[in-house]
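To start, the structure itself, in structure tokens.
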Amino acid sequence: MAAPTDLRLPRYPREPEGTNAPLDFAGYGSTKLRHPSQPLVLLPQMLTEVTGPLLGPGRLGELDNDLTRQHDGEPQGQRIIVTGRLLDGDGRPIRNSLVEIWQANAGGRYRHTGDRWPSPIDPNFSGLGRALTDGDGRYEFTTIKPGAYPWKNHDNAWRPAHIHFSVFGSAFTQRLVTQMYFPEDPLFSQDPIFNSIPDEKARQRMVSHFNLERTVPEWALAYDFDIVVRGSEQSVFEDEEDED
Amino acid sequence: MGELLTTPSQTVGPYLSIGLPWEDGPFVVPEGTPGAFWIRGTVTDGAGEVVPDAMIETWQADPKGGFDHPDDPRGRSESGFRAFGRCPTDKNGEYRVLTLLPGVLPGEQGEQARHIDVSVFARGLLNRVVTRIYFEDQDNSGDAVLASVPAERRNTLVAKKTEDGYRFDVRLQGEGETVFFAL
């Protein structure tokens, strides 16, 4: 085994200030009892942190990337194609990597025993999808545009329509769970989860783009959503200064 | 090369169990694997209430200290060891992961004690929180990360021996709050 001083590991610089939400955010009530109250301790990026799960085709079922074909009948709602690339901060595609999504149905109802919002459950929609990125880092899902739903966080609170995304990148440092939103949603202004991101430009990176070229005539609308996880510097010797 | 700005993190929300759990998620190794043990624990909040809508993910070296990953400069282990575990908490806030003891690893300041990296996701967490599991019956004395943690809080990172493995509870806030790391 190599001596400690011989280790040359990539390093994953932290995101600029404002990119991520604070762990405590008064507008989103559920953070109150769940955020750490002690300061985080800096974890040096060593072998366990610069590696990560490389989960491949073994995690996929045949219809996992088409949420409209997982049942005998077709789900209610507007069919959409959601496509995009999984990239790192240096613009490198992350290939053959697992992308998982979950979402509400067209009426804004999740297929979950905890969801009591009285919008009908769609017997033909589970709201679960998985795909692998291809050689260019591209993924694609066929699904239904999810509806907005009320959630009692504050007076007359409604979540903007969104699809939950989970990606791994290729290192523990790059693990990301986020939400994809739809362009020009009128509910953005009152949503504390969306607005927990301090930087307006960072917030806009969670909003997908309508893509007319990718629509399918007489069949489906289309949205583009690229996901960017942290970039890496390839050697610890390259960086002298810390960009905190 | 163009620098791209990252996509922000958002909470998994209350319905993560629609999309994220896998039937074999808690099994880093299949049941019956020689040397396998359970890590079990409860996730609790600042009021001491259990968190029934959280998810734990684990990532670790194989028993020889290798990673089946191209960025391990010592060479890719190709052991086939999945090294990754994932388990949602149940109605009692409990999770479990069946795994093998990770090997000792080289570090920048001497050897790293055997450890497992952990991500915790839950409704109410806008970002995942990250912690590490160490083991009470292993030699943790030379570990630089553990040493960097205030002495009175180190015990929150050390899993306790049990009948079928170890117990590692996660307290998100308050008395006995688990040490969480900034990556």
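The values are calculated or read from the model by the stated rules, or taken from the named source; none is laboratory data. Bear in mind the structure is a predicted one, so any value in this text is a computation, not a measurement. Reconstructed Cβ throughout: ideal geometry from the backbone, glycine too, with neighbour counts over all protein chains shown. Just so you know, the surface numbers come from the protein's heavy atoms only, side chains and all, with ligands and any DNA or RNA stripped out. Shrake-Rupley method; radii C 1.70, N 1.55, O 1.52, S 1.80 Å.
So what are the ³J(HN,Hα) numbers for the range B:78-90, from phi and the Karplus equation (6.51, -1.76, 1.60; θ = phi - 60°), rounded to whole Hz, Gly and Pro as x?
Once rounded to whole Hz, the list reads 6, 7, x, 6, 5, 6, 10, x, 8, 8, x, 7, 8.
What is the gain in length, in nm to one decimal, between A:Ser37 and A:Ile121 on full extension, counting 0.36 nm per residue of separation less the C-alpha to C-alpha distance? The partial results should precede the final answer.
Values: separation 84, 0.36 × 84 = 30.24 nm, distance 3.85 nm.
So the chain would gain 26.4 nm between A:Ser37 and A:Ile121.
Which parts of the range A:25-58 would a label at B:Glu49 reach, counting a residue when its backbone N lies under 15 Å from a point 7 Å out along Cα-to-Cβ?
A:29-35
Is there a simple number for the mean count of other chain Cβ atoms within 10 Å of the Cβ of residues in A:48-61, and what is it?
For peptide A:48-61, the averaged partner shielding equals 5.
With every atom except the alpha carbons ignored, what do you get for Rg and Dmax of the range B:93-183, in angstroms?
Taking only Cα atoms of the range B:93-183, I get Rg and Dmax of 13.3, 38 Å.
In angstroms, what radius of gyration and Dmax does chain B have, counting Cα atoms only?
Rg and Dmax of chain B, Cα atoms, are 16.6, 53 Å.
Which whole-number percentage describes the relative contact order of the range B:1-101, with Cα contacts under 8 Å and a sequence gap of 6 or more?
Answer for the range B:1-101 is 39 percent.
Note down the nm distance, to one decimal, between modelled labels 7 Å out along Cα→Cβ at B:Glu23 and at A:Glu213.
4.1
Filter the chymotrypsin sites (Phe, Trp or Tyr not before Pro) in the range A:146-224 to those in DSSP coil with at most 13 other Cβ atoms within 10 Å of their Cβ, and list the result.
On the way: sites: A:Trp151, A:Trp158, A:Phe165, A:Phe168, A:Phe172, A:Tyr181, A:Phe188, A:Phe194, A:Phe210, A:Trp219, A:Tyr223; in loops: A:Trp151, A:Phe168, A:Trp219.
For chymotrypsin sites (Phe, Trp or Tyr not before Pro) across the range A:146-224 that sit outside H, G, I, E and B with at most 13 neighbouring Cβ atoms in 10 Å, the list reads A:Trp219.
What does the helix-only formula give at 222 nm for chain B: each DSSP H stretch with n ≥ 4 adding -39500 (n - 2.57), the total divided by the residues, and the result rounded to the nearest 500 deg cm²/dmol?
-500 deg cm²/dmol
Quick check for you: with a 1.4 Å probe and neighbouring chains kept, what is the accessible area per residue of chain A, in Å²? Numbers along the way, then the final one.
Details: 11310 Å² over 244 residues.
Per-residue accessible area for chain A comes out at 46 Å².
Which percent, nearest 5, of DSSP beta bridges in chain A are antiparallel?
75
Just add up the charged neighbours of B:Thr44: K/R +1, D/E -1, any other residue whose Cβ is under 9 Å from the Cβ of B:Thr44.
The answer is -2.
Please give, to one decimal in nm, the separation of the simple spin-label points placed at B:Lys64 and A:Asp134, each 7 Å out from Cα toward the Cβ.
About 3.7 nm, to one decimal.
Would you mind counting up the charge near A:Leu98? Only other residues with Cβ under 15 Å from its Cβ, with Lys and Arg at +1 and Asp and Glu at -1.
Counting the neighbours of A:Leu98, the net charge comes to +2.
Roughly how many percent of the accessible protein surface of chain A is carbon and sulfur, given a 1.4 Å probe and a whole-percent answer?
Solvent-exposed carbon and sulfur of chain A make up 49 percent of the total.
Please label the shape of the protein assembly as shown as rounded, prolate or oblate, based on the square roots a ≥ b ≥ c of the eigenvalues of the alpha-carbon gyration tensor (a/c under 1.5 means rounded; beyond that, a/b larger than b/c means prolate, else oblate).
It comes out prolate by the Cα gyration axes.
Quote the total accessible area buried by chains A and B together, excluding ligands, DNA and RNA, probe 1.4 Å, nearest 100 Å².
7100
Mind pulling up the Rg/Rh value for the range B:1-50? Radius of gyration and Kirkwood radius, both on Cα. Before the final figure, lay out each step's value.
On the way: Rg = 17.6 Å, Rh = 15.5 Å.
Using Cα coordinates only, the ratio equals 1.14.
Can you compute 3J(HN,Hα) from phi for each residue in the range A:154-170, using the Karplus curve 6.51 cos²θ - 1.76 cosθ + 1.60 with θ = phi - 60°, rounded to whole Hz and x for Gly and Pro?
Working through the residues one at a time gives 8, 4, 6, 7, 10, 6, x, 4, 7, 10, 6, 10, 10, 10, 9, x, 10 Hz.
Please identify the trypsin sites (Lys or Arg not before Pro) of the range A:140-244 that satisfy two criteria: DSSP loop assignment and at most 15 other Cβ atoms within 10 Å. Which are they?
A:Lys152
How many partner chain Cβ atoms sit within 10 Å of a residue's Cβ in peptide A:90-101, on average, as a whole number? The partial results should precede the final answer.
Values: counts 4, 4, 2, 0, 0, 0, 0, 0, 0, 0, 4, 2.
What the average comes to for A:90-101 is 1.
Remind me, relative contact order of the range A:154-211 in percent, using alpha carbon pairs under 8 angstrom and six or more residues apart? Each step should come with its number before you reach the end.
Values: 63 pairs, mean separation 19.2, N = 58.
Dividing the mean separation by the residue count of the range A:154-211 yields 33 percent.
Could you order the peptides A:68-75, A:56-63 from most to least packed, using the average number of other C-beta atoms within 10 Å per residue?
Averaged packing, sorted descending, gives the order A:68-75, A:56-63.
Which value, in Å² and to the nearest 10, is the accessible area of A:Arg79 when all protein chains are kept and the probe is 1.4 Å?
Result for A:Arg79: roughly 50 Å² accessible.
Given an 8 Å cut-off on Cα distances and at least 6 residues of separation, report the relative contact order of chain A as a percent.
In percent, rounded to a whole number, it is 27.
List the residues of the range A:155-179 whose accessible area drops by at least 10 Å² when all protein chains are present, compared with their chain alone, using a 1.4 Å probe and counting only protein heavy atoms.
So the qualifying set is A:His164, A:Phe168, A:Ser170, A:Phe172, A:Thr173, A:Arg175, A:Leu176, A:Val177, A:Thr178, A:Gln179.
Using only protein heavy atoms and a 1.4 Å probe, report how much of B:Thr7 is accessible, in Å² to the nearest 10.
For B:Thr7, the solvent-accessible surface is approximately 10 Å².
In whole Hz, with x marking every Gly and Pro, tabulate ³J(HN,Hα) for the range A:68-80 from phi via Karplus 6.51 cos²θ - 1.76 cosθ + 1.60, θ = phi - 60°.
Working through the residues one at a time gives 8, 10, 8, 10, 5, x, 8, x, 6, x, 8, 5, 9 Hz.
Around A:Phe194, under 9 Å between beta carbons, what's the net of Lys plus Arg minus Asp minus Glu among the other residues?
0
In nm, to one decimal, how far is the modelled label at A:Glu62 from the one at A:Gln76, with both set 7 Å along Cα→Cβ?
2.9
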